[in-house]
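To keep things clear, I will list the structure first and then write my remarks on it.
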Amino acid sequence: MDKMTSYFQLSSQEEREKKIDELKVLEQELASLKKNAKVYQSHGNSNILFIADRDKVHSETKLSITKLTETHKKLQK
């Protein structure tokens, strides 16, 4: 989960807010897909896409939103 780890290393408040918004859009896009829709995901810094499980990607995205939002709130205090 290199991408998820890098989300939490965003330095500015603006960057974190932008990443949270991007993840929320992604989550909504994944939620609106049909159950049998194909989802592709890149791994690492590669330009190659691999087929991924839609439900797994959706749950990972929700988890990332939750963790990044919590981190963002802690850093604002």
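No lab work stands behind these numbers, since they all come straight from the coordinates. In this text the structure is predicted, and so the values were computed from the model without any measurement. Note that we place each Cβ from the backbone using ideal geometry, even for glycine, and neighbour counts take in every protein chain shown.
Between the entries (i) 1.05; (ii) 1.17; (iii) 1.00, the label attached to Rg/Rh (Cα atoms, Kirkwood Rh) calculated for this structure is (iii). The slack between residue 32 and residue 67, meaning 0.36 nm per residue of separation minus the straight C-alpha distance, is 10.4 nm. Summarising the label geometry, the points placed 7 Å from Cα in the beta-carbon direction at residue 59 and residue 75 lie 2.7 nm from one another.
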